[in-house]
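Participant: The structure's right below; bear with me while I get my questions together.
The values are calculated or read from the model by the stated rules, or taken from the named source; none is laboratory data. What you see is a predicted model, and the numbers here were worked out from it, not measured in a lab. Note: ideal-geometry Cβ built from the backbone for every residue, glycine included; neighbour counts use all protein chains shown.
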Amino acid sequence: MNRSTIFIADDHPLLLKGMHIFLTDKGFDVVDTSSDGLSAYNNIIRLKPEIALLDIQMPKLTGIEIARKCLQNKINTKIILLTLHKNEEFYFESKNLNVYGYLLKEFALEEIEHCLKKVSKNETYQGKDIQKLLNVSADSSSGILKKLTTTERKVLYLIAKNKTSKEIAAMLFVTIKTIEKHRANIRVKLGLEAKTHSLLIWVKENYKLFL
C-alpha cells in the first residue's frame with residue numbers, strides 16, 4: 001500500500017471522482033477532495049496532506065494561486081498541477097513556485113502513479129509533452145539560442161508572446177530592472193542594436209524557433 005496522503009481538487013465532477021477512485025484502487029490514501037480552489041486551499045491548511053493534486057483552472061482560486069499561497073505561507077504540501085491546456089505561461093509560473101509535478105490531463109491516468117511515487121520521494125516529475133511548453137529547447141537545431149541561459153531563453157520566449165517587461169517580471173517573480181538587464185544581455189549575445197524593439201523584431205523574424 002502507498003502511504004502518501006493525497007488531496008485532490010478539480011472543478012470537473014467526473015474527473016474528480018475518476019481520479020479519486022483510481023488512486024484509491026492503487027493504494028494511495030486520498031484524504032479529501034474539493035471542487036473549487038478556495039475550499040481546496042482551506043482543506044490543504046486543515047488536513048496538511050503530503051501531496052495535493054490540483055487542477056490549474058478552478059473557480060475562486062486557480063491551482064497556480066494555491067501553489068503561490070502555499071509557498072508564501074511555508075505550507076509543506078507538495079503540489080502537482082494538472083492541466084488540459086498546453087499553456088507555457090502556466091508552466092513558467094509553476095517552475096517559480098516549487099511545484100513538484102506538472103501533467104497534461106490527457107496523459108494523467110497513465111502517468112499519475114509514477115508521478116506520485118517520485119514526488120513522495122521529494123523528486124520532481126515533468127509529464128509527457130511538457131517539453132513543448134518550454135520556452136525554447138536547449139538543443140534547438142539552429143544553435144542560435146544555445147548562447148543564452150535558461151532564464152534568458154525564457155525571457156526571449158515571453159517577448160515573442162508580446163509580453164512587456166512588467167508582465168515578464170511578474171511571471172518570473174523578479175523586478176522589472178532584472179528583466180531589462182536580461183534583455184540587454186540577450187541583445188549583446190545575439191548581436192542586436194540597443195534599441196527598444198530590437199528583440200521583438202528579432203523574434204518576429206525568427207518565429208519558427210518558438211513554435
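Participant: When the residues of segment 19-31 are narrowed to those that are surrounded by 14 or more Cβ atoms within 10 Å (Cβ to Cβ) and free of Cβ contacts under 8 Å to residues at least 40 places away in the same chain, which ends up nearest to Leu82 (Cα to Cα)?
Facilitator: His20
Participant: Here are Ile79, Ile112: which of them is at pLDDT 95 or above and either on the phi < 0 side of the Ramachandran plot or in contact with a Ser or Thr (Cβ under 9 Å, 6 or more places away or on another chain) (or both)?
Facilitator: Ile79
Participant: Return yes or no: is Tyr125 at pLDDT 70 or above and crowded, with 20+ Cβ neighbours inside 10 Å?
Facilitator: Considered against the rule, which asks whether it is at pLDDT 70 or above and crowded, with 20+ Cβ neighbours inside 10 Å, Tyr125 comes out as no.
Participant: Criterion first (among the charged types (D, E, K, R) and on the phi > 0 side of the Ramachandran plot) does Lys74 satisfy it?
Facilitator: Considered against the rule, which asks whether it is among the charged types (D, E, K, R) and on the phi > 0 side of the Ramachandran plot, Lys74 comes out as yes.
Participant: When you scan segment 2-47, how many residues do you find that are in contact with a strand residue (DSSP E or B) (Cβ under 8 Å, 6 or more places away or on another chain), in a loop (DSSP other than H, G, I, E, B) and either more than 22 Å from Ser94 (Cβ to Cβ) or not small (Gly, Ala, Ser) (or both)?
Facilitator: Qualifying residue count, segment 2-47: 7.
Participant: Name the one entry in Leu97, Leu15, Leu71 that is of a type in the set (A, V, I, L, M, F, W, C), farther than 17 Å from Lys118 by Cβ and buried (at least 19 other Cβ atoms within 10 Å of the Cβ).
Facilitator: After ruling out the rest, the residue left standing is Leu97.
Participant: State which residue pairs qualify: first residue in the same structural domain as Cys70 (by TED's automatic domain parsing) and inside segment 32-59, second residue aromatic (Phe, Trp, Tyr) and modelled with pLDDT under 95 in any location, beta carbons under 6 Å apart, and separation of 6 or more residues or different chains.
Facilitator: Ile56/Phe90
Participant: Is it true that some residue in segment 140-157 is outside any helix (DSSP H, G or I), modelled with pLDDT of 75 or more and not assigned by TED's automatic domain parsing to the domain that holds Glu113?
Facilitator: Looking through segment 140-157, at least one residue is outside any helix (DSSP H, G or I), modelled with pLDDT of 75 or more and not assigned by TED's automatic domain parsing to the domain that holds Glu113.
Participant: Counting only residues that are at pLDDT below 90 and surrounded by fewer than 15 Cβ atoms within 10 Å (Cβ to Cβ), which one in segment 171-188 is nearest to Lys95 (Cα to Cα)?
Facilitator: Per the criteria, the residue is Phe173.
Participant: For segment 145-165, how many residues are more than 17 Å from Phe90 (Cα to Cα) and not polar (S, T, N, Q)?
Facilitator: Number satisfying all stated conditions: 5.
Participant: Then there's this: Out of curiosity, is Ala194 part of a helix (DSSP H, G or I) and not assigned by TED's automatic domain parsing to the domain that holds Glu65?
Facilitator: No; evaluated as a whole, the condition is false for this residue.
Participant: Would you say Ala52 is touching a Phe, Trp or Tyr at 6+ places or on another chain (Cβ under 8 Å), under 26 Å from Phe107 (Cα atoms) and in a strand (DSSP E or B)?
Facilitator: yes
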